[in-house]
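Trainee: Have a look at this one before I ask anything.
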Amino acid sequence: MSKPKVILAFSGGLDTSFCVKYLTEERGMEVHSALVDTGGFSPAELKTIEEKAYSLGVTSHVTLDVVEEYYQDCIKYLVFGNVLKNNTYPLSVSAERVFQATAVAKYAAKLGAKAIAHGSTGAGNDQVRFDVVFRILAPECEVITPIRDLQLSREAEIDFLKSKGVVQEWHKSTYSINKGLWGTSVGGKETLTSDGYLPEEAWPTQLTETKPSKISLQFEYGQLVGLDGEKYASSVDAIRALTARAGAYAIGRDIHVGDTIIGIKGRVGFEAPAPLIIIKAHHLLEKHVLTKHQLYWKQNIGDMYGSLLHEGQFLDPIMRNFETFLADTQDNVTGTVNVVLSPYQFQVTGIESKFDLMSSAFGAYGEMNKAWTGDDVRGFSKIVSNQTMIHRKVNESN
């Protein structure tokens, strides 16, 4: 009798290592591990994780590269919507979890597996994000969550692995790090309370450049395509190049405070040099080339898009409607944005675009007009104030 197949979302850490041994030896299952790369691993790291998976006893291991899909189907819309959760966080982790879960669900279908497993605990957002995607894309699959269901402590996991002959130094890092194309999250003791900032040594990227420098970002139809006039093969490559350039200045560090899906408040540190610069630069370019009504509705839709994505609702059809609107606003969002990089900060200094509505041909704000007369303004002011004037007189007489 063949063993039942289970696809395990595998990272190589303690939790997913426990899952391999538990599923193979306690549940008698055939484990196929899958690591989903959303832009946070080097080739050497991927190789090490693969070797670890086989040493633990998986039947097969695969790396599923979804970086380009992640950009095309999500990140570019986060840029179009200038999405910063609570005006702070570029959704570095919450965005990628949906794509990791989706890739695992599709892989389960490919292998004909009727079970999917992940190593989330019962304390955070990720359990919901994974479960929601699996429920939608693989409703016929059993979802197994050993760490959550068994309510295991770290020490219990280590003792179990030792009993199975897995002897390893499971060092508990002072800070938990999750790296992806759209930023890196950093959690530690300081983020578990309402006060306190992460110390310098907690940040994965350290300050190595102190001399300020200028950089120009080239956008085409709302997407970053080049830096300093050099066009890249893809926006993914441009994001990586900007991450390296701005990361050397230790730019993009902050702590996000927000509401979790499970109803509690939480704090998480993050460093996201490229996302923050891209979003701020893109937004400035839009303020020059879009109308006030476009900007107003974009902000509302962008905020809602980010909130639903954060809560694991990426597959809801309304998200495709939002994406259609956001993409349709980008026809004129083409031009160059100039930025100054300095240690720990950046300044967006201006834009150049053939679609710039701040055109001297129509006048200079506070200086001179060329497209209307004083009589035009007097008449306009009379009409635009008319209803409020009537309201005031009616209420004064009563």
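Trainee: Which condition number in (1) crowded, with 22+ Cβ neighbours inside 10 Å; (2) touching a helix residue (DSSP H, G or I) at 6+ places or on another chain (Cβ under 6 Å); (3) modelled with pLDDT of 95 or more is the one that residue 78 fails?
Mentor: In the conditions (1) crowded, with 22+ Cβ neighbours inside 10 Å; (2) touching a helix residue (DSSP H, G or I) at 6+ places or on another chain (Cβ under 6 Å); (3) modelled with pLDDT of 95 or more, residue 78 misses (2) alone.
Trainee: What is the number of the single condition among (1) of a type outside the set (Gly, Ala, Ser); (2) surrounded by fewer than 16 Cβ atoms within 10 Å (Cβ to Cβ); (3) under 22 Å from residue 283 (Cβ atoms) that residue 243 does not meet?
Mentor: (2)
Trainee: May I ask you to list the residues in the range 60-74 that are open to solvent by 40 Å² or more (accessible area, probe 1.4 Å) and either among the polar types (S, T, N, Q) or at positive phi (or both)?
Mentor: 63, 72
Trainee: Moving to a separate point now. Does the range 297-307 contain any residue that is of a type in the set (Val, Ile, Thr) and either within 25 Å of residue 357 (Cα to Cα) or touching a residue at least 40 places away in the same chain (Cβ under 8 Å) (or both)?
Mentor: yes
Trainee: Is it true that residue 209 is closer than 25 Å to residue 186 by Cα, open to solvent by 50 Å² or more (accessible area, probe 1.4 Å) and of a type in the set (D, E, K, R)?
Mentor: So residue 209 passes the test.
Trainee: Within the range 262-314, how many residues are over 16 Å from the mean Cα position of the chain (by Cα), at negative phi and modelled with pLDDT under 95?
Mentor: 4
Trainee: Name the residue, out of 147, 136, that is open to solvent by 30 Å² or more (accessible area, probe 1.4 Å) and outside any loop (DSSP other than H, G, I, E, B).
Mentor: Answer to the check: 136.
Trainee: For residues in the range 217-238 being polar (S, T, N, Q) and not in a strand (DSSP E or B), which is most open to solvent (accessible area, probe 1.4 Å)?
Mentor: Result: 234.
Trainee: Does residue 349 count as over 16 Å from residue 87 (Cβ atoms), open to solvent by less than 40 Å² (accessible area, probe 1.4 Å), among the polar types (S, T, N, Q) and not in a helix (DSSP H, G or I)?
Mentor: no
Trainee: Consider residue 215 against the criteria (1) under 21 Å from the mean Cα position of the chain (by Cα); (2) within 30 Å of residue 335 (Cβ to Cβ): it satisfies all of them except one. Which criterion is unmet?
Mentor: All conditions are met except number (1).
Trainee: Just to be sure before I move on: is residue 73 of a type in the set (Asp, Glu) and either assigned to a loop (DSSP other than H, G, I, E, B) or under 22 Å from residue 167 (Cβ atoms) (or both) in the structure I sent?
Mentor: no
Trainee: Mind checking which residues of the range 162-200 are in a helix (DSSP H, G or I), of a type in the set (D, E, K, R) and open to solvent by 80 Å² or more (accessible area, probe 1.4 Å)?
Mentor: 162, 189
Every residue, every condition in (1) open to solvent by less than 10 Å² (accessible area, probe 1.4 Å); (2) polar (S, T, N, Q); (3) assigned to a helix (DSSP H, G or I); (4) more than 20 Å from residue 285 (Cα to Cα), yes or no:
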{"site": "82", "(1), (2), (3), (4)": "no, yes, no, no"}
{"site": "96", "(1), (2), (3), (4)": "yes, no, yes, yes"}
{"site": "100", "(1), (2), (3), (4)": "no, yes, yes, yes"}
{"site": "104", "(1), (2), (3), (4)": "yes, no, yes, yes"}
{"site": "108", "(1), (2), (3), (4)": "yes, no, yes, yes"}
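Trainee: When the residues of the range 20-53 are narrowed to those that are open to solvent by 20 Å² or more (accessible area, probe 1.4 Å) and of a type in the set (Ser, Thr, Tyr), which ends up nearest to residue 75 (Cα to Cα)?
Mentor: Ranking the qualifying residues of the range 20-53, first place goes to 42.
Trainee: If you take the residues of the range 116-133 that are surrounded by 23 or more Cβ atoms within 10 Å (Cβ to Cβ) and in a helix (DSSP H, G or I), which of them is nearest to the chain's Cα centre (by Cα)?
Mentor: 129
Trainee: Condition first: acidic (Asp, Glu) and at pLDDT below 95. Can you find one or more residues in the range 343-354 that meet it?
Mentor: no
The values are calculated or read from the model by the stated rules, or taken from the named source; none is laboratory data. Everything numeric in this text was worked out from a predicted model, so none of it was measured. Every residue, glycine as well, gets a Cβ built from its backbone with ideal geometry; the counts of neighbours run over all protein chains shown. Accessible surface is based on the protein model in full, side chains and every heavy atom, while ligands, DNA and RNA are left aside. Shrake-Rupley method; radii C 1.70, N 1.55, O 1.52, S 1.80 Å.
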